[in-house]
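The values are calculated or read from the model by the stated rules, or taken from the named source; none is laboratory data. Computed from a predicted structure; not experimentally measured. With ideal geometry, Cβ positions are generated from the backbone for all residues, glycine too; neighbour counts draw on all protein chains shown. SASA here: full protein model, heavy atoms, side chains in, ligands and nucleic acids out. Shrake-Rupley method; radii C 1.70, N 1.55, O 1.52, S 1.80 Å.
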Amino acid sequence: MDSFGKKLREAREAKGYSQAELARQISSHHSIIGKYERDEVKPTIDVIKKLSEVLGATISFLMGETENQNAFKDPAMFKRMAEIESLPPKDKECLLLTVDNFIKATKFNNL
């Protein structure tokens with residue numbers, strides 16, 4: 001799993017922002033962006049939210065929980081995931097097992 005700093009830098013560079021430009025966007029100083037990227041300082045959740053919005057990346061991506069910057073940005077997928085989360089535990093487990101098997105089958109067929 002990549003560090004917050006590495007993910008932040010990746011997202012910043014993908015947007016074409018310098019550290020100074022990103023700092024301006026979140027009302028901060030460029031030196032703090034550098035410290036975040038070197039994992040010398042950990043930002044607050046409020047700062048992570050601002051960074052996520054400015055960079056167009058999810059908090060999950062910045063935190064290294066997913067490799068895809070656009071994960072859960074699709075409103076229909078986000079709604080489905082929320083609906084799955086609200087299912088009884090047994091139903092959720094069955095549905096996720098089905099999805100896992102479908103993903104494995106799809107990957108196998110694409111080899």
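Tabulated data for the structure shown
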quantity	calculated
For Lys92, solvent-accessible area (1.4 Å; no DNA, RNA or ligand), Å²	50 Å²
In degrees, nearest ten, helix 45-55 long axis to first principal axis of the chain (Cα)	90 degrees
Carbon plus sulfur fraction of accessible area for the chain, probe 1.4 Å, in percent	56 percent
Structure-based [θ]222 nm, the chain - -39500 (n - 2.57) summed over DSSP H runs of at least 4, per residue, nearest 500	-20000 deg cm²/dmol
Residue-normalised accessible area of the chain, given per residue in Å² at a 1.4 Å probe	70 Å²
Nitroxide proxy distance, nm - points 7 Å out along Cα→Cβ at Lys92 and Glu65	1.3 nm
Cα-based reach from Lys35 at 17 Å (exclusive), listing lysines while leaving out same-chain residues under 8 positions away	Lys6, Lys7, Lys50
Of Thr44, Thr98, Thr58, the one that fluctuates the most in a GNM where the chain has Cα springs shorter than 10 Å	Thr98
Computed E for Thr44/Glu85 - FRET, C-beta separation, R0 30 angstrom, nearest 0.05	0.70
Computed label-point distance, nm, for sites Met77 and Ala105 using a 7 Å Cα→Cβ extension	2.1 nm
Gaussian network model of the chain, Cα within-10 Å springs - most flexible of Lys42, Lys79, Lys90	Lys90
Degrees separating the helix 4-15 axis from the principal Cα axis of the chain, which is the longest one	80 degrees
Helix 89-109 vs. the chain, principal-axis angle (Cα, 0 to 90°, nearest 10)	80 degrees
Calculated percent of Cα pairs over 17 Å apart (choose from [x] 45; [y] 62; [z] 50), label	[y]
Fluctuation leader among Ser27, Ser52, Ser60 - the chain, Gaussian network, Cα springs under 10 angstrom	Ser27
Accessible area of Glu93 in the full protein assembly, 1.4 Å probe (Å², nearest 10)	130 Å²
